[in-house]
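Asker: Before anything else, here's the structure in question.
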């Protein structure tokens, strides 16, 4: 069988009839060599035929095994554990199942100890989340505090944030309003988010997870909140918008309330073979060190929960047309926790390279304090309206769940869009026409960056939607209408 096996054209496997004929010819040749007649019966229902078929089937099984071993070496054809080993040569690993995660702020009395695995409930889905570590609520590690001043004339008010004092001295005839305004002005350079409700000042840490806050004697804490990482009990894709985790399940004395101030990182199930193959092409770039093609794949591999990432750079000595600083990178990441992304950017960007973006994080590193910036993609919400014309039943019947199939096809195509990818009107028809019985589809799209936008009939157009470099088209079943 010289024409079979590993050939210049790849692996060629003989089929069972070919193997059977090879065995018959070889058997007859051996009989002739020994001077024996070769006119034996080879029908499948004869004794000799049964023997020939037995060995032919066993040989065919060996050829199939050899073919499987051959194709198990390549990512495009391997599956399961073989695919894991094949892609490992480029540094890619299958993503394991990950729980959804988010940092929550636990409010209560100073010194209150909240144990790991304390449970919190999602207000919309009622899903149970749990804390991942022990937490002690205190001003030494505060994410959100409210401060009440004692109104005094000609008095010095001091708020010390991470060792830096911010001082305001009140004038004669001080009032609550003047003291609050003065303190807010004094705290403006602190980098904290500052607000007032007329009776207290609220300080929220935005560049770091937590800060240390100390007060002078004429100031007191009205509320203290400390951060802790929470995750779903199971590995599920659960989205936590700010404010979604607001219900305490595990009652702890001194723990008053809880809320997440940040958007959570959505988890996922174990990566499928198809998803791993699609991501495999990025693996080779992970071996690069601080090069533009390697930064995105490395961050994507490092940070749990990232669904999509895009990286730009400005190599010039001037601010570019997009407003990027000279000699800088600009990371746009969808998913993942802010702090995890910031640490990954610092790890994989080159030394001396600046960063861009609206999200600012201050990292405490062995090289000192580092300022890292990045962006989240701007959501472009897309509405789809499809009007389907059907073929005659005697030509090709439309399935009972046909409209549902079309909706799923549109959604599947829409969810393949990545950051900066334009919405191409024609791209949707490939999967749509996978449903039988369709004569014609009138497909129109509407879009807006406002999630509360309600499209009018005139807003739907059979045209492409241009998506900016820092935008991402978002599709949802609730915004797809098929009739």
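Taken together, the values in this text are just the output of simple stated rules run on the coordinates, not laboratory data. Quick caveat, the model's predicted, so the values are computed rather than measured. Quick reminder, even Gly has a Cβ in these numbers, built from the backbone with ideal geometry, and neighbours come from all protein chains shown.
Asker: List 329, 303, 249 from most exposed to least, where exposure is judged by having the fewest other Cβ atoms within 10 Å.
Answerer: Ranking 329, 303, 249 by Cβ neighbours within 10 Å, fewest first, gives 249, 303, 329.
Asker: Let me ask something else. Once you have the Cα-Cα distance between residue 249 and residue 366, take 0.36 nm times their residue separation minus that, and quote the gain in nm to one decimal.
Answerer: 38.2 nm
Asker: Also, I was wondering about something else. At residue 396 and residue 88, where each label point lies 7 Å from the Cα along Cα→Cβ, what is the point-to-point distance in nanometres?
Answerer: The modelled label-to-label distance comes out at 4.6 nm.
Asker: Along the Cα→Cβ direction, 7 angstrom out, place labels at residue 415 and residue 273. What is the inter-label distance in nm?
Answerer: 2.1 nm
Asker: Another one. Over all directions, what mean area does the Cα convex hull of the range 101-259 project, stated in square nanometres?
Answerer: Spelled out: convex hull of the Cα atoms, projected over all directions, averaged, 9.4 nm².
Asker: If contacts are Cα pairs under 8 angstrom and at least 6 residues apart, what is the relative contact order of the range 101-259 in percent?
Answerer: So the answer I get is 39 percent.
Asker: Which three lengths, in whole Å and largest first, does the range 315-445 cover when its Cα atoms are put on their principal axes?
Answerer: Taking the Cα atoms of the range 315-445, the three principal extents are 75, 29, 20 Å.
Asker: Here is a follow-up. Over the Cα atoms of the chain, Rg to Rh with Kirkwood Rh, two decimal places?
Answerer: Computed over Cα atoms, the ratio is 1.15.
Asker: Going from the alpha-carbon gyration tensor of the range 5-71, what semi-axes, largest first and in whole Å, does one get by taking the root of 5 times each eigenvalue?
Answerer: 27, 14, 8
Asker: Okay, next question. Can you check what the Kirkwood hydrodynamic radius comes to for the range 209-325, Cα pairs only, in Å to one decimal?
Answerer: Final number for the Kirkwood radius of the range 209-325 is 19.0 Å.
Asker: Please give the Cα centre distance for the range 141-179 versus the range 21-59, rounded to the nearest Å.
Answerer: 101 Å
Asker: As a test of understanding, state the convex hull volume per residue of the range 7-129 from its alpha carbons, in Å³.
Answerer: 262 Å³
Asker: What is the ratio of the Cα radius of gyration of the range 225-277 to 2.2 N^0.38 Å, with N the residue count, to two decimals?
Answerer: Dividing the Cα Rg of the range 225-277 by 2.2 N^0.38 Å gives 1.49.
Asker: Hey, another quick one. How would 168, 433 line up from fewest to most surrounding beta-carbon atoms within 10 angstrom?
Answerer: Arranged by neighbour count, lowest to highest, 168, 433 become 433, 168.
Asker: May I pose another question? For the range 378-482, what does the equivalent ellipsoid look like in terms of its semi-axes, each the square root of 5 times an eigenvalue of the Cα gyration tensor, given largest first in whole Å?
Answerer: 27, 13, 11
Asker: Quick one: compute the contact order of the chain, relative version, from alpha carbon pairs under 8 angstrom and 6+ residues apart, as a percent.
Answerer: Relative contact order of the chain: 12 percent.
Asker: Sort 170, 46 by Cβ crowding within 10 Å, fewest neighbours at the top.
Answerer: 46, 170
Asker: Next question, about the same structure. For the chain, what is the calculated [θ] at 222 nm in deg cm²/dmol (nearest 500), taking -39500 (n - 2.57) for each run of four or more DSSP H residues and dividing by its residue count?
Answerer: -7000 deg cm²/dmol
Asker: Okay, next question. Roughly speaking, what is the stretch gain from residue 133 to residue 212, that is 0.36 nm per residue apart minus the C-alpha to C-alpha distance, in nm to one decimal?
Answerer: 26.5 nm
Asker: Next up: Computed over the Cα atoms of the range 282-374, what is the ratio Rg over Rh, Rh following Kirkwood?
Answerer: 0.94
Asker: Just order 203-213, 387-397, 351-361 by mean Cβ neighbour count inside 10 Å, highest at the front, would you?
Answerer: Sorting 203-213, 387-397, 351-361 by mean packing, highest first, produces 203-213, 351-361, 387-397.
Asker: Let me see the P(r) profile for the range 439-483: every Cα-Cα distance counted, bins of 5 Å, each bin given as a percent of all pairs.
Answerer: 5, 15, 29, 29, 14, 5, 2, 0
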